[in-house]
Amino acid sequence: MKDLSFEIEADKKMRKLEETKRLKSSEDRQVSSEVFDDKTLKVLYKLAKEGYIKSLNGVISTGKEANVFLGVDDDENYVAVKIYRVATLDFKKIKEYIAGDPRFKTHGNSTRKIVNTWTRKEFKNLNRLHNLGLRVPEPYTCLENVLVMEYLDNSDDDPSAAPPLTKVNLDNPEVVFEEIINFMDKCYNDAGLVHGDLSRYNILYSHNHPYVIDLSQATMTDHPAARSLLERDIKNIVYDASRFKLKLDYDDILNRIITK
């Protein structure tokens, strides 16, 4: 984890977010400037006042669209804080995903409103899947471009962040990929959703089970592109399984999911 720490304090007199930075590299400074703009700091301050975030203690992951930080809430519990980076999002792609989802509005060309909708979309998708008992991080709250959710650790003996499948050696790939296929099945048939970007890069391995993350682009099954997105997800998983020397049949998985 990078040495990047932001302490969040709610000062009753000043009523502002105080930022304490320990930045050692130019990359960390770049992350800071892109992620912690004034509006985002105000959002973090509001969440701090509500008890969701007491401090941010380091970067869990850095992506093109968002950064995920290790946070601590007022009860001293770890939380994962995902902050979407307004400056680097692909708005054309995002608007296409939102436009096909009747639950949300595209908000024209207002970039911040689009980002806020994108964040709410991930929160709702996570909540929908979590309520069905599927293995995703439990979402706690979202506000504008910030999503606070369950922190997934490695195991009871290892509190570090759960790694993606890209960094795991599996002793039981058959069991793990059966769980992943079962997730896809229930996601499609019970939740009415298609992940749309499923791969070993956004599946975390926590307590010997796969947990699916990055649900912002997940679409409803009545979306015009749902079938092609499902097929792409299956192809990705078949390929990922081969990386663990496990052979899966694409047609068998597709028929298992769509013939319910």
(request) Considering only region 50-62, state which residues are in a loop (DSSP other than H, G, I, E, B) and touching a residue at least 40 places away in the same chain (Cβ under 8 Å). (result) 50, 52, 53, 54
(message) Among the residues that make up region 167-175, is at least one of them within 16 Å of residue 137 (Cα to Cα), touching a strand residue (DSSP E or B) at 6+ places or on another chain (Cβ under 9 Å) and either among the aromatic types (Phe, Trp, Tyr) or in contact (Cβ under 8 Å) with a residue 60 or more places away in the chain (or both)?
(response) no
(request) Kindly indicate whether residue 135 is touching a Phe, Trp or Tyr at 6+ places or on another chain (Cβ under 7 Å), at pLDDT 95 or above and either in a helix (DSSP H, G or I) or not hydrophobic (A, V, I, L, M, F, W, C) (or both). (result) yes
(request) Output yes when any residue across region 101-117 is in a strand (DSSP E or B) and either modelled with pLDDT of 80 or more or aromatic (Phe, Trp, Tyr) (or both), and no when none is. (result) no
(request) Would you check which residues across region 139-152 are touching a residue at least 40 places away in the same chain (Cβ under 8 Å) and surrounded by 16 or more Cβ atoms within 10 Å (Cβ to Cβ) and list them? (result) 140, 143, 144, 145, 146, 147, 148, 149, 150, 151, 152
(message) For region 85-99, check the following and say yes or no: at least one residue is of a type in the set (Lys, Arg), over 20 Å from residue 201 (Cα atoms) and either at pLDDT 65 or above or open to solvent by 20 Å² or more (accessible area, probe 1.4 Å) (or both).
(response) yes
(message) Against the condition in a loop (DSSP other than H, G, I, E, B) and farther than 27 Å from residue 117 by Cα, how does residue 170 come out, does it pass?
(response) yes
(request) Return only the number of the condition from (1) under 22 Å from residue 149 (Cβ atoms); (2) more than 20 Å from the chain's Cα centre (by Cα) that residue 206 does not satisfy. (result) (2)
(request) Considering (1) in a loop (DSSP other than H, G, I, E, B); (2) open to solvent by 10 Å² or more (accessible area, probe 1.4 Å); (3) in contact with a His (Cβ under 7 Å, 6 or more places away or on another chain), say which one residue 179 fails and leave the rest. (result) (1)
(message) Checking the structure you have, find out if any residue of region 189-197 is assigned to a helix (DSSP H, G or I) and within 25 Å of residue 119 (Cβ to Cβ).
(response) no
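Conditions (1) modelled with pLDDT under 95; (2) among the polar types (S, T, N, Q); (3) open to solvent by 10 Å² or more (accessible area, probe 1.4 Å), marked per residue:
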{"residue": "189", "(1), (2), (3)": "no, yes, yes"}
{"residue": "202", "(1), (2), (3)": "no, yes, no"}
{"residue": "205", "(1), (2), (3)": "no, no, yes"}
{"residue": "209", "(1), (2), (3)": "no, no, yes"}
{"residue": "212", "(1), (2), (3)": "no, no, no"}
{"residue": "232", "(1), (2), (3)": "no, no, yes"}
{"residue": "235", "(1), (2), (3)": "no, no, yes"}
{"residue": "238", "(1), (2), (3)": "no, no, yes"}
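The values are calculated or read from the model by the stated rules, or taken from the named source; none is laboratory data. Being a predicted model, the structure only gives us computed values, none of them experimental. Methodologically, a virtual Cβ is constructed for each residue, glycine included, from the backbone with ideal geometry; neighbour enumeration extends over all protein chains shown. For the accessible areas, the whole protein counts, side chains as well, though only heavy atoms, and no ligand, DNA or RNA atoms are used. Shrake-Rupley method; radii C 1.70, N 1.55, O 1.52, S 1.80 Å.
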